[in-house]
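Peer 1: Got a structure for you, questions after.
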Amino acid sequence: HLIGANRDYIDGAIPHIGDLMCESLEETIRDKSIVILGLQGDDILDEVYRLSRPEQYTLDLVGAIDRDRLQGDVQGICW
């Protein structure tokens, strides 16, 4: 739940953010052409590996991806 200046910003700049959010990681990754990975953890990585597709592109911001387990192309930033 957002309050104060954060809420004011969201309400003014991107009031439709709720429509863009997903209920699950699977829904977030499924049918997307690009996945940006900014968190790491075994539960997250397992889902990314399971749901990855050969035509999908992953941008790994944390250096967590095992390229041998990912089906699509992966590029890294800051690692």
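The values are calculated or read from the model by the stated rules, or taken from the named source; none is laboratory data. What you see is a predicted model, and the numbers here were worked out from it, not measured in a lab. Neighbour counts run over all protein chains shown; Cβ positions are idealised from the backbone, glycine included. Protein only, heavy atoms only, side chains kept; ligands, DNA and RNA dropped before computing areas. Shrake-Rupley method; radii C 1.70, N 1.55, O 1.52, S 1.80 Å.
Peer 1: For the chain, what's the relative contact order in percent, using C-alpha pairs closer than 8 Å and at least 6 residues apart?
Peer 2: Numbers: 87 pairs, mean separation 18.9, N = 79.
The normalised contact order for the chain reaches 24 percent.
Peer 1: For the chain, find the longest principal axis of its Cα atoms and tell me its angle to the long axis of helix 42-51, 0 to 90°, nearest 10.
Peer 2: On a 0 to 90 degree scale, this one is about 70.
Peer 1: Based on DSSP H runs of at least 4 residues, each adding -39500 (n - 2.57), what is the mean residue ellipticity at 222 nm of the chain after dividing by all its residues, to the nearest 500 deg cm²/dmol? If you can, show how the numbers build up before the last one.
Peer 2: Working: 4 runs with 29 residues, N = 79.
Taking each H run of at least 4 residues, the total per residue is -9500 deg cm²/dmol.
Peer 1: Now a separate question. R0 = 35 Å: FRET efficiency of residue 3 with residue 78, Cβ-based, nearest 0.05?
Peer 2: Details: r = 31 Å, r/R0 = 0.89.
FRET efficiency, residue 3 to residue 78: 0.65.
Peer 1: Working from Cα positions, state the angle (0 to 90°, nearest 10) between the long axis of helix 4-13 and the longest principal axis of the chain.
Peer 2: 80 degrees
Peer 1: Please report, as a whole percent, how much of the solvent-accessible surface of the chain comes from carbon and sulfur atoms (probe radius 1.4 Å).
Peer 2: On the way: 3050 of 5860 Å².
With neighbouring chains kept in place, the figure for the chain is 52 percent.
Peer 1: Using every Cα-Cα pair within the chain, state what percent have a distance larger than 14 Å. Walk me through the intermediate numbers first.
Peer 2: Numbers: 2027 of 3081 pairs.
For the chain, the share of Cα pairs beyond 14 Å comes to 66 percent.
Peer 1: Hull surface divided by four, with the convex hull built on the Cα atoms of region 1-40: how many nm²? Provide the component values of the computation, followed by the final result.
Peer 2: Working: hull surface 16.0 nm².
So the Cα hull casts an average projection of 4.0 nm².
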